[in-house]
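Report on one structure; see the data block that follows.
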């Protein structure tokens, strides 16, 4: 078995990315399928999944990519929190 496939962080990144993509896809399908912030939550989950996947790689460019994707996910989550607090 390939040691890279046994890494649980890799599978966590894949699962988070796929679930974020599915959430984004189904939330954007019909306008009344959920709250207006649901597609942004899917994008945040996808960005966190990509950040986790980038974290599993070696090298400075991957580390920078992971940090940038995490910041993007945090920005989406903060925008969702601001929208929910305004209500």
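Values quoted throughout were computed directly from the atomic coordinates according to the rules given, and no laboratory measurement underlies them. No experiment lies behind these values; they were computed from the predicted model shown. Don't worry about glycine lacking a Cβ; one is built from the backbone with ideal geometry, like all the others, and counts go over all protein chains shown.
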**Request:** Could you list, in sequence order, all residues of the stretch 24-60 that are outside any helix (DSSP H, G or I), under 25 Å from residue 7 (Cβ atoms) and in contact with a helix residue (DSSP H, G or I) (Cβ under 7 Å, 6 or more places away or on another chain)?
**Result:** 56
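Table: residues versus (1) in contact (Cβ under 8 Å) with a residue 60 or more places away in the chain; (2) closer than 18 Å to residue 20 by Cα; (3) more than 12 Å from the chain's Cα centre (by Cα); (4) surrounded by 13 or more Cβ atoms within 10 Å (Cβ to Cβ).
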{"site": "51", "(1), (2), (3), (4)": "no, yes, no, yes"}
{"site": "58", "(1), (2), (3), (4)": "no, no, yes, no"}
{"site": "61", "(1), (2), (3), (4)": "no, no, yes, no"}
{"site": "64", "(1), (2), (3), (4)": "no, no, yes, no"}
{"site": "72", "(1), (2), (3), (4)": "no, yes, no, yes"}
{"site": "77", "(1), (2), (3), (4)": "no, yes, no, yes"}
{"site": "81", "(1), (2), (3), (4)": "no, yes, yes, no"}
{"site": "86", "(1), (2), (3), (4)": "no, no, yes, no"}
